[in-house]
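Let me begin by presenting the structure, written as structure tokens, before commenting on it.
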Amino acid sequence: MVLLPTLAKGVIVRRPGVMALSEKLQADGTAIDTMRHLRDRYGPEPVRLRITGRSVAMLVDPADVGRLLAESPEPFALATKEKKAALKHFQPHGVLISEGTSRERRRELNERALRPENVPVDAIVRDEADLLTRHVMSTGELTWDAFAQAWWRVVRRIVLGDRARDDEQLTDDLKALRENANWAFLHPKQRDLRERFQRRLDEHLGRAEEGSLAAQPGDLAGQVPHWLFAFDAAGIVTMRALAIGGRGTYGILESARLWPTTPVILRESTKPTRWHGTWLPENTEFVVFAPFFHRDPDRLPYADEYAPEIWDRPLDPAIVPFSGGPGVCPGRDLVLATGSAMLDALSEHLAFPKLTAPLPRTLNHFGLRMHATPTGTRVS
Ligand code: HEM
């Protein structure tokens, strides 16, 4: 019940219609309250559910979240049965669903390639932000569509190089492929679309353009689809950060805390494990429902506020917008660099009204339309 709204929103691709509806219903809010109720009723032990014959355990204790993430990938594997089913058509070689030594190799490649210093992030963002700023000054408002167009140009340049800047087809195809992956169990493989996507991607990667991630050594082809796609979440987080007056890397982190773009973190145990005195069997699927831990008013006085200062102090082990432990998002620093550069570049010339506390528990980014006033600083 808690998971249903999250699944409908599109674990793999966010669907505009469903997002608008869940904002109306404040779906995450209902799920958070359900989790609070379960915790109050059953205490800190993981809540056990039986779903289609699987042993599923939802964590409710923040310390348990810290342990689960720290003890990955052994005995808590990242590549769970559900993740494999959802992604196998689309990213058979992605690190997300890799195991054993191929996981180690791919993980290492990701960590090395995704360092922000590998790409001139600031210069690329500034370029595209200037163009967007001019557009916003002429219309008087910033819409999601205008933002997304600029964002994807930034992403294509960072990942594949300047010559991929205008290849909207590539990222549109990727989106269409992922929409089908949402219903991984039902959809036949979309071969033509995938071939076209792969062809274009290979062309871009073949150039190995200097100043882009494509110039990094190693077999990137299996990883890049996930990189491109994961930047979708980074754009959403950045736009939401603008809406709360967020600045710098803490602005991005707060936006991702308040509205986690990976609301569900999953692990599967490779052996029986003990929790608060109870043994849970091997192959238990562990679920961390991040919105509950990030927005729990019983525990966090700042639950529904923009509170960048929390990132200055030792953090609650269950505030995990980028996950944690050995499985932490390897793109985290790149996302923080890109998102905060965009916040800074846009805020230099434009001022936007801020959402105030209590911040809504669901925020439909597709519907964001922000009135903008020039700050008086000239665009170069
Ligand atoms: C706001 C933006 C993003 C957020 C909030 C985010 C969050 C996450 C989270 C929570 C996980 C871990 C899931 C788990 O523990 O099972 C993850 C994994 C991953 N992320 Fe990100 N991510 C973002 C953007 C990106 C970007 C832009 C890239 C690449 C350019 C990226 C690359 C990866 C990869 C490769 C993994 C898999 C790691 C593994 O399985 O070892 N992420 N991300």
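The values are calculated or read from the model by the stated rules, or taken from the named source; none is laboratory data. Bear in mind the structure is a predicted one, so any value in this text is a computation, not a measurement. Note: ideal-geometry Cβ built from the backbone for every residue, glycine included; neighbour counts use all protein chains shown. In case anyone asks, the SASA skips ligands and DNA or RNA and just uses the protein heavy atoms, side chains included. Shrake-Rupley method; radii C 1.70, N 1.55, O 1.52, S 1.80 Å.
Some notes on this structure:
- Expressed in Å, the radius of gyration and Dmax of the Cα atoms of region 185-282 are 19.7, 56.
- Over region 292-380, the Kirkwood radius and the radius of gyration, each from Cα atoms, give a ratio Rg/Rh of 1.01.
- Computed extension length for A85-T52: 10.4 nm, one decimal, from 0.36 nm per residue of separation with the Cα-Cα distance subtracted.
- Cα→Cβ-extended label distance, 7 Å offset, between R115 and T34, nm: 4.4 nm
- Among W311, W279, the order of accessible area from largest down is W279, W311, computed with a 1.4 Å probe on protein heavy atoms.
- For region 112-163, the share of alpha carbon pairs falling in successive 10 Å distance bins from zero is 24, 48, 22, 5, 0 percent.
- Kirkwood-Stokes translational diffusion coefficient of region 3-374, alpha-carbon pairs, 10 °C, 1.306 mPa s, µm²/s: 74 µm²/s
- Listed residues L205, L355, A307: farthest to the positive end of the dipole of the chain (Cβ charges): L205
- Over 20 Å between alpha carbons, listed pairs K81/K175; K88/K175; K88/K271: K81/K175; K88/K271
- Computed from the Cβ-Cβ distance with R0 of 51 Å, the FRET efficiency linking T101 to T139 stands at 0.45.
- The charge dipole of region 3-374, taken about its Cα centre with unit charges on the Cβ atoms of Lys, Arg (+1), Asp and Glu (-1) only, comes to about 1060 debye.
- Stretched out straight at 0.36 nm per residue, the stretch from H276 to R369 would grow longer than its current Cα-Cα span by 28.8 nm.
- Using the 1.4 Å probe convention, the accessible area of the chain works out to 44 Å² per residue with neighbouring protein chains retained.
- Estimated at the nearest 10 Å², the accessible area of D172 is 90 Å² with a 1.4 Å probe.
- Accessible-area composition of the chain, carbon plus sulfur, in percent [1.4 Å probe]: 54 percent
- Using the Cβ-Cβ distance between L315 and D202 with R0 set to 35 Å, the FRET efficiency works out to roughly 0.30.
- A Förster radius of 35 Å combined with the Cβ-Cβ distance from A123 to R41 puts the calculated FRET efficiency at roughly 0.05.
- Between region 51-114 and region 322-357, the alpha-carbon centres lie 24 Å apart.
- Label point 7 Å beyond Cα of D162 along Cβ direction - residues of region 193-233 with amide nitrogen under 13 Å: 209-212
- Between L49, S269, T171, the Cα set farthest toward the positive side of the dipole of region 3-374 (charges on each charged residue's Cβ, about the Cα centre) is that of L49.
- The Cα center of region 229-246 and the Cα center of region 255-305 differ in position by 22 Å.
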